[in-house]
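Just so it is clear, none of the values below were taken in a lab; they were calculated from the coordinates. Owing to the predicted nature of the structure, the values given are computational and were not obtained by experimental measurement. Backbone-built Cβ (ideal geometry, glycine too); neighbour counts: all protein chains shown.
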């Protein structure tokens, strides 16, 4: 093909793709408009679309498996067949009330009673917890008709839907607090993934995957960096690379959809409480070479459930950190977001830090600004990057980088602004370059301070007179958080003495 014909073909392909993008966007917008006209609250749009997407995509998956089986002259037993298949009931748009009645009265109970295998259990837990937010047949039928226009087996549809889904998650998170449980800003995820650099052959794990941002971004990173794919490599990518656990059914559904929309077909996702099934001595084969997580923090774990852990603590963030350390394989890399208190508190936190520093190579601490997780929380957080070295070597020194500008206002609105420091962090971390925002602390100094690994920038002078007002307020908030953390620690000690 000569260059002129090739340019014409590319222009045509781009035109077709752009047209399809508009069609997909229009279908989702129309579905949301229809829900709005029925009075469905905006915070429920994602839940409603998620379970509809899930069932539509599940049938496409079953269709693909049936075709593969037929190619090998084998039969395939569908899990959802007859009137329970999407293509059976979703076509009844001209009998809207009958469709709605079938979904609520027959399909929903059926999805909760598919059997007792892992797949059936996932269906049962999901459809026991999410709900159909539409009560009018004609309106419900119009939303189903829009979803039926989408094709989860088409790359363009999947790319556009992943963009739309991410935006809907973010919008809903800002409207209502519940989505804050499982949404981590994409630019922070992307930076963490770039540092740990997942590759095909890794077992990538998130113990509290929520919307599956870390897993889906890891999938995109692998795709960008792998040039050619064999059938065996594709099978390994889809079925042996991505692992996760999540205890909230709605978050589990959204995470499952998130991965599906990033073209990951068969990830090993479990719906359960990670901390309840934790064990202190897992086999090396059950461990993971890459772990990425933003564990829930601020929660309290019942004392009887702490017995599975080497260091007992009521704080969920400390238990999750121990879990990640325990399940990181030799040669593995981890990146974990933790609240500021984990870096300096005494008691169980200090014991876990000592183990982290002596048994793992905590090579980098990224200090994030208070407010970067708005509108959900203003808590000051840090990302810990550590490896479990093949020779079991511990930490010699920690390279710190302090981010004061992550590219967004540190307010509820989080509008984009100039001066994003993430590119600078990513350009410096590998060579551990020191600068106004980065420095190195040897392990000897950290040990002397009782294993305190707080990020205290030695290059920053407390010039209160010239520091911006917003930065001063954030500094005060961080100091208050340290005080509250210490008070909580004291309270826990007193409670434990009284119970003795």
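Assorted remarks:
- Secondary-structure-derived ellipticity at 222 nm for the chain, considering helices only, amounts to -15000 deg cm²/dmol, per-run term -39500 (n - 2.57) for DSSP H runs with n ≥ 4.
- P(r) weight above 25 Å for region 176-458, C-alpha pairs, percent: 45 percent
- Cubic angstrom per residue, convex hull over Cα atoms of region 206-318: 108 Å³
- Normalising the Debye intensity of the chain to I(0), with uniform scatterers on Cα atoms only, and taking log10 at q = 0.07 Å⁻¹ returns -0.43.
- Overall shape of region 296-413 was characterised from the C-alpha gyration tensor. The equivalent ellipsoid obtained from it has semi-axes of 25, 20, 11 Å, in decreasing order.
- Extending 7 Å from the Cα toward the beta-carbon at both residue 71 and residue 459 defines two label points whose distance is 5.5 nm.
- Degrees, to the nearest 10: 213-225 long Cα axis against longest axis of the chain: 80 degrees
- Gap separating the Cα centres of region 368-437 and region 310-363, nearest whole Å: 18 Å
- Helix 118-129 vs. the chain, principal-axis angle (Cα, 0 to 90°, nearest 10): 90 degrees
- Two numbers describe the Cα atoms of region 15-163: Rg and Dmax, which are 16.0, 49 Å.
- Antiparallel content of DSSP bridges confined to the chain, in %, to 5: 55 percent
- Across region 23-51, the residues whose backbone nitrogen lies under 14 Å from the label position 7 Å along the beta-carbon direction of residue 154 are 23-28.
- Value of Rg to Rh for region 382-451 (Rh from inverse mean 1/r over Cα pairs, i.e. Kirkwood): 1.07
- Cα-projected label distance for residue 220 with residue 121, points at 7 Å along beta-carbon direction, nm: 3.2 nm
- Axis of helix 249-260 versus longest Cα principal axis of the chain: the two differ by about 70°, to the nearest ten degrees.
- A straight chain from residue 200 to residue 390 at 0.36 nm per residue would run longer than the Cα-Cα distance by 66.5 nm.
- Neighbour-count ranking [beta-carbon atoms within 10 angstrom, fewest first] of 211, 435: 435, 211
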